[in-house]
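The values are calculated or read from the model by the stated rules, or taken from the named source; none is laboratory data. Predicted, not measured: the structure shown is a model, and the values here were computed from it. Quick reminder, even Gly has a Cβ in these numbers, built from the backbone with ideal geometry, and neighbours come from all protein chains shown.
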Amino acid sequence: MISLAGRDILHAWGKYVFTGLGLGLLIGVTLSMAGIYRGMVDDAKVLLRNSGADIWVVQKDTLGPYAEPSSLHDDIYRSLLGLPGVARAANATYLTMQVRRSDEDVRVMVVGITPGQPGEPGYLLAGRRLTRSHYEAIADIKAGLAQGEKVRIRRNDYTVVGLTRRMVSSSGDPMLFIPLKDAQAAQFLKDNEAIRNDRARTAANPALNRPGVPGLIEAIDASKTESRSVNAVLVQVAPGWPPAAVAENIRRWKYLQAYTVADMEDILVSKLISTSARQIGMFLVILAIVSAAIVSFIIYTMTLSKVREIAVLKLIGTRNRTIAGMILQQALGLGLIAFVVGKTVATLWAPHFPKYVLLEPGDAIRGFFAVMAICALASTLAIRTALKVDPAEAIGG
Amino acid sequence: MKLPTRFTSRLGLILLGLGLLTAFAFVVLRNGPLAATRVTLAQVEAQELRPAVFGIGTVEARHAYDLGPTFASRVLRVRVDVGDRVEAGQVLAEMDPVDLDQRLAAAESAYRRAAYAVDSAAAAANEAASRKALATANAERFEQLRQQGFVSQEAVEAKRHEAQAAGAAHAASQAGLAAAGQDAARLRAERAAVGEQRANSVLRSPVAGVVTARKAEPGSTVVAGQGVIRLVDPASLWVTTRIDQARAAGLKIGMPASIALRSRPQVPLAGRLARLELAGDSVTEERLVQVAFDALPADISLGELAEVTLALPHQPRALTLPNAAIQRQGGRVGVWQVSDGRVRFSPVATGAQTLDGRVQILRGLAQGDRVVIYSEKTLSEGERIKPVERLEGNGR
């Protein structure tokens, strides 16, 4: 038995294949959009996964350190280490800022870490970890920095000694890891003009610049430039301890806010990025509907353009089932080509997006079935039209 | 001509389909859940290990002198300016002596007066001595005349009394002379005290050095102990360095150091660890050490930032790995070892670390063992991997 659908496709294969390619690109865009949405959520989650923490300890009554500013004294980690169930605790600072790279600015999230403690990148792509306690940096590859390159943060130059990947802030800015003390300084250090201005203001204040109290104004100035704060303490719990119980203990006795991974995910996904994620999600829904509509119309018009041939088939006594099968097979074939093309192009152009695009296999499988279902559905419409074709049309009607 | 067309189009279609399927398969295998994690591998190597400690410091003077008056006063003159080299004993500044000169004159007058009083007492003593001698001679003569019977006993006794009275007057005048002497000594001491105070209002350099600060100008009033001039001994400059406590093990006095000044980071200067402070900074969790220059550079400035690298004793042969290979799994430190294209975590004990990122492996691995150094994501036990040359700039 000869395949009617195959014969028909071969008859005008160029048109068929290019229609499939066009649809494929459309599906590729839809899959990419889904990937952008997934990537956005994943950016938020990867931030939590990569920090290696089980509990985030932040300033009381804040949603810090990512969703809200949080400030803690940097010796709090010592008292946390004494609590039962706490295996490791380390200070961390987070600050999104522009850093200077030779003659252009790069937007990064500067993360202050203690080498060898929670918070440092878990894996590297190249280079090494921090070995000096100052002026070294590990950069996410998305920042576009090369190993050995120097970046300027405030007034100091940092050498990029290592590269990592997928270390991004919840808004997708690549991270730049630097030693904690440098990061503390960078967070609170003002530029020289501001420091001189501050000194002059202090000196002009008669309450602070009193005659007969030598050294007072110097002491006040010195106390202003010190930074003893961090944004969060990352805690890893000892094996066998439920993080929620340890976090509860910290909240209760240390009068600090403590979030477990689940709490933090909730804050990031359902609070911090919820609006922008819903924005993308809404667009994804519309795009999916539009794609479905376009696929249906194309299959429908493709059938309509073959009215004369169908009429001939009817005239020579072809059964309705055969005609319906031909149209369905063509529609499904088109869907298959479109999906394969779409998935391929989406995967190929995904790495070139500036932010992370996560193409989940589950999304691809769902997309496949959706495309097939839409094609089948659209073909029923076309089949209905085809079956209504009057055989007389074949001979001039 | 019909057949070839049909044939070509079918072939074209098949080729197109195959191409598409190949691209699809490539994409699925390379990026999907079926793809193996790409990693780069490194071997455990035995090599020389030169561990070092890094710290940040500022150039400070070992000896700095803050000179000020010992009593509240007004600055009269400041004789030196910042940057001046001064000798030991050189006058740096003068405080307004206010009434000290007048008090010195008064003390001088009082002393002179006392000196005259001593002269006067001495003259009185002489007179008393002379009177005593005359009275004693008279009394002796009357004793002899009495024995010859020329004078009455009463006259003799009167003369004896006169002699005794003259003796007493002489003793009194001697005491008066001594008292006047003591008075003069007291006033001389008082005059010297005022002179010392006057001299104290002049600030002199205790050592040869360089003036680094001129904190008060003529006319301003300073309280006791407030600095007017600050000087340092320029030969005693060193770098007070802060070393992270986590890396401060193994420091010893005399260790060679390399000092990179902020003004010339490309030209590191040689130095030695000169002092290890017993008291660290518990707030910043740092240890304080002082590193002295082997040869003091000429145009160095106080307070300049310096990066100090202290060389720890080197180990001629040790098993090492890049520090990027060291991972942490469930509280254990170890590395990902490769067998049959899969990774497995093996705990290791690490030792010294060099600044260029090599870590000594004390236990857990043998020379030539292959371990994962870089990976494109966090690895888990038993994960399939695909070793590649390099990950950086390699797509994805």
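Report yes if A:Met1 is more than 40 Å from the chain's Cα centre (by Cα), at pLDDT below 90 and either more than 13 Å from chain B (Cβ to nearest Cβ) or crowded, with 22+ Cβ neighbours inside 10 Å (or both), otherwise no. Answer is yes for this residue. Could you list all residues from region B:213-268 that are polar (S, T, N, Q), assigned to a loop (DSSP other than H, G, I, E, B) and facing chain A (nearest Cβ under 10 Å)? Within region B:213-268, B:Ser220, B:Gln226 qualify.
Among (1) under 14 Å from A:Gly28 (Cα atoms); (2) assigned to a loop (DSSP other than H, G, I, E, B), where does A:Leu348 come up short? The number of the failed condition is (2). For region A:338-355, a residue qualifies if it is surrounded by fewer than 21 Cβ atoms within 10 Å (Cβ to Cβ) and modelled with pLDDT of 85 or more, and the qualifying residues are A:Val345, A:Leu348, A:Trp349, A:His352, A:Phe353.
Tell me whether region A:248-260 contains one or more residues that are among the small types (Gly, Ala, Ser) and assigned to a helix (DSSP H, G or I). Within region A:248-260, not a single residue is among the small types (Gly, Ala, Ser) and assigned to a helix (DSSP H, G or I). Applying the set (1) under 44 Å from the mean Cα position of the chain (by Cα); (2) surrounded by fewer than 20 Cβ atoms within 10 Å (Cβ to Cβ) to B:Ala325 leaves exactly one unmet item: (2).
Scan region A:204-217 for residues that are part of a helix (DSSP H, G or I) and within 14 Å of another protein chain (Cβ to nearest Cβ) and jot them down. Those that are part of a helix (DSSP H, G or I) and within 14 Å of another protein chain (Cβ to nearest Cβ): A:Leu216, A:Ile217.
Selection of region B:336-376 for residues being assigned to a loop (DSSP other than H, G, I, E, B), within 47 Å of the chain's Cα centre (by Cα) and surrounded by 15 or more Cβ atoms within 10 Å (Cβ to Cβ) yields B:Val348, B:Thr354, B:Leu355, B:Gly357, B:Gly364, B:Leu365.
For A:Thr275, the criteria (1) under 21 Å from the mean Cα position of the chain (by Cα); (2) at pLDDT 90 or above hold in every case but one, which is (2).
Among the residues of region A:47-58, those that are surrounded by 20 or more Cβ atoms within 10 Å (Cβ to Cβ) and assigned to a helix (DSSP H, G or I) comprise A:Leu47, A:Leu48, A:Asn50, A:Ser51.
Residues in region A:141-195 that are of a type outside the set (A, V, I, L, M, F, W, C), part of a strand (DSSP E or B) and buried (at least 16 other Cβ atoms within 10 Å of the Cβ) were compared, and the one that is farthest from the other protein chains (Cβ to nearest Cβ) is A:Pro174. Of everything listed in (1) of a type in the set (Gly, Ala, Ser); (2) surrounded by 15 or more Cβ atoms within 10 Å (Cβ to Cβ); (3) more than 28 Å from A:Arg166 (Cα to Cα), the single unmet condition for A:Gly317 is (2).
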